[in-house]
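Engineer: Sending over a structure as structure tokens; questions will come in a sec.
The values are calculated or read from the model by the stated rules, or taken from the named source; none is laboratory data. As the structure is a prediction and not an experimental result, all values here were calculated from the model. Because the Cβ atoms are built from the backbone with ideal geometry, glycine has one as well, and the counts that use them run over all protein chains shown. For accessibility, only protein heavy atoms count, side chains too; no ligands or nucleic acids. Shrake-Rupley method; radii C 1.70, N 1.55, O 1.52, S 1.80 Å.
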Amino acid sequence: MFNDIGPLELVTIIVLAVLVFGPDKLPKVIQDVMRTVRKIREFSESAKADIRTELGPEFKDFEFEDLNPKTFIRKQLDNDELGLKEIRNGFDLKKEMAEVTDAVHSRDTDASSSSSSGSSSSGSSSSDGGRIDMTKKPEEPGKDDRPPFDADAT
């Protein structure tokens, strides 16, 4: 119930309880709190049992923890009926990234070799054999050209 309370917090709570209730009334207060917690647990268990009997035999495997969205999604994703494990195992991110990296590096070498050979074509599709050059090249505006005005930036 209190899994995240450390020893320092526990000592602090005990000291505050002794200061607030006093050492002579503290055992009675602890008994009252424990009795209340027990009654709440009993009420909760009886409510769960009543709901299970009202739902009938179709829902005999129903667990209330499944109503938590995280638990429900985890249970559905671990379900093997959807074939998600096969899709997850078939997708290799490192391999895909290596292919993309190789493609980008080969484009860089193609662009540098075509520009060094002296071809002066303005379209990259004709020099690359139908490929589009996706590398970023900084565009330098002329001395008289003003940068575009962006109304949203002001």
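Engineer: Using a/c under 1.5 as the rounded threshold, could you call region 1-40 rounded, prolate or oblate? The axes a ≥ b ≥ c are square roots of the C-alpha gyration tensor eigenvalues, and prolate needs a/b larger than b/c, oblate otherwise.
Structural biologist: oblate
Engineer: Go through region 1-48 and name the chymotrypsin sites (Phe, Trp or Tyr not before Pro) that are in a DSSP coil and have 13 or fewer other Cβ atoms within 10 Å of their Cβ.
Structural biologist: On the way: sites: 2, 21, 43; in loops: 2.
Of the chymotrypsin sites (Phe, Trp or Tyr not before Pro), the ones in loops of region 1-48 whose Cβ has at most 13 other Cβ atoms within 10 Å are 2.
Engineer: Considering only protein heavy atoms, what per residue accessible area in square angstrom results for region 1-101 with a 1.4 angstrom probe? Please list the in-between numbers first.
Structural biologist: Values: 9330 Å² over 101 residues.
Spelled out: the 1.4 Å probe surface of region 1-101, per residue, equals 92 Å².
Engineer: Classify region 1-79: rounded, prolate or oblate, from the alpha-carbon gyration tensor (a ≥ b ≥ c, eigenvalue square roots; a/c under 1.5 rounded; otherwise prolate if a/b is larger than b/c)?
Structural biologist: It is oblate, given that a/c is not under 1.5 and a/b is not larger than b/c.
Engineer: Let me ask something else about it. For region 3-62, give the percent of accessible area contributed by carbon and sulfur heavy atoms, probe 1.4 Å, rounded to a whole number.
Structural biologist: 66
Engineer: Here is a follow-up. Between residue 55 and residue 33, how high is the FRET efficiency from 1/(1 + (r/R0)^6) when r is the Cβ-Cβ distance and R₀ = 25 Å? Nearest 0.05.
Structural biologist: Working from the Cβ atoms, E equals 0.15.
Engineer: Determine the alpha carbon to alpha carbon distance for each of 39/60; 28/70; 28/60 and list only those over 30 Å.
Structural biologist: 28/70; 28/60, as the Cα separations exceed 30 Å there.
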